Amino acid sequence: GAVLVIAPDVQVRDPIHLVSITDSVVGPAATHLRTLVVAGAHSRATLVETHAGRDGDRYLTNMAGEIVVGPGARLDHYRLQMEGDEAYHLSSLAGRVAEHGTYDNFTLTLRGALTRNDGHVVLQGPEGDLRYSGAYLGAGSQHVDNTTIIEHASPHCRSREVFKGVLDDAARGVFQGKIVVRPGAQKTDAHQLSNGLLLSRKAEVDAKPELEIFADDVKCSHGATAGEIDHTALFYLRSRGIDEREARALLVEAFVNEALEEIEVEVVRERFMAAVRTWLISHGQKGGQ
C-alpha cells in the first residue's frame, strides 16, 4: 500500500496517481492493500487511484483506505476500477473531515466479476463539506455493490451523494446509502440520490436509501429510481436520423455524465468520460467513430 502525508499549507498542483495492477499468471492470487492519506491543515491535493488487471485472471483485490482531512484542507480523491473480468474487488474506506475541511470522493467501476465498495465518512468539525459519489457500468453477470454511511457529527456541515449505474445483460447493481445526523448537528444540509438505468430485462438494481436524523433543524433529502431508457427521447433522436444503437449510446452516455459532472478536477473528469466511452464501444453500445 501507500502512505501519503500532505504537510500543512502545502498546495499540490498536479494529481498524485497510485496504480495497482494484479498479474496472476501463475494461478489465483490475492492482494491486500492499505492506503493512508493525511491532508494537513489548509493543504490541498488531488489523489487518483487506478486498479486494473487482465481478463481471464482470477484474483482478489482487498483494499482498505483511511482518509484524514485536516482543518481547512481539501482533498479530491478519485478511483477508477478496471479489474479483469474474473476479478473480485473489495474496498473499504474510512474518512474523517475536520472543521472547514472538504473531501471530494468519486468512484467509477467498469469491470470485475464482483465489486463491493464500502465507505464510512464522518464530518467531525463544523462547516465541513463532503461530496461522495460514483458511477458504475456492468454487463454479463457482473455484480457491483456500493454501500455508504455518511455521519454528520457537527453543525453547519454539507454532504452530497450521487450514484448512477448502467446495467446490461444479467448484471446486478446494489446501492445502500445511509445518512446519519447526530444530536447537536443542527443546520445539516444533506442530499442523496441513486439512479439505475437498465438496458436488459434480466438486469437488476436494488437500492436502499436511509436517513437517521436526531436533530430538528436540518435539510435532508434522498431518492432512488430505476428504469429503462426514455423511449420518448429515443424516438426524438431516431426522428433526427440517428440509428437506434447510436441513439441509445448517446442517452446512456448522457445519463452517466450527469454523475461524472460531480468530479470538479477537469483532467480527471475527462479521463473518466473517455473510459466510459471505451466501455460503450466495447459492449456494442456505440459506434467506433
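All told, His156 falls short of being under 18 Å from the mean Cα position of the chain (by Cα), open to solvent by 10 Å² or more (accessible area, probe 1.4 Å) and not basic (Lys, Arg). The set of residues in segment 10-44 being within 21 Å of Gly72 (Cβ to Cβ), over 19 Å from the mean Cα position of the chain (by Cα) and of a type in the set (A, V, I, L, M) consists of Val10, Val12, Val38, Ala39, Ala41. Note on segment 106-127: among residues that are charged (D, E, K, R) and not in a loop (DSSP other than H, G, I, E, B), the one that is most open to solvent (accessible area, probe 1.4 Å) is Arg116. A Cβ distance below 7 Å, combined with a sequence gap of six or more or placement on separate chains, defines the contacts here; from segment 36-49, residues that are at positive phi and assigned to a loop (DSSP other than H, G, I, E, B) reach residues that are surrounded by fewer than 20 Cβ atoms within 10 Å (Cβ to Cβ) and at pLDDT 95 or above in the pairs His42/Pro8; His42/Asp9.
As a summary of the residue check, Leu250 satisfies the conditions (1) at pLDDT 90 or above; (2) part of a helix (DSSP H, G or I) except for the one numbered (1).
All of (1) part of a strand (DSSP E or B); (2) crowded, with 18+ Cβ neighbours inside 10 Å hold for Ala185 with one exception: (1).
In the list Ala247, Ala170, which residue meets the criterion of being open to solvent by less than 30 Å² (accessible area, probe 1.4 Å) and free of Cβ contacts under 8 Å to residues at least 40 places away in the same chain?
Ala247
Please determine whether any residue of segment 166-188 is within 17 Å of the chain's Cα centre (by Cα) and polar (S, T, N, Q). Yes: segment 166-188 contains one or more residues that are within 17 Å of the chain's Cα centre (by Cα) and polar (S, T, N, Q). Of everything in segment 40-56 that is under 30 Å from Gly140 (Cβ atoms) and of a type in the set (A, V, I, L, M), the residue that is surrounded by the fewest Cβ atoms within 10 Å (Cβ to Cβ) is Ala52. Of the residues making up segment 211-233, at least one is without any contact (Cβ under 8 Å) to a residue 24 or more places away in the chain, open to solvent by less than 60 Å² (accessible area, probe 1.4 Å) and not in a loop (DSSP other than H, G, I, E, B).
The values are calculated or read from the model by the stated rules, or taken from the named source; none is laboratory data. The shown structure was predicted, so the numbers you read here are calculated from the model rather than taken from an experiment. Because the Cβ atoms are built from the backbone with ideal geometry, glycine has one as well, and the counts that use them run over all protein chains shown. Ligands, DNA and RNA are excluded from the accessible area calculation, which covers all protein heavy atoms including side chains. Shrake-Rupley method; radii C 1.70, N 1.55, O 1.52, S 1.80 Å.
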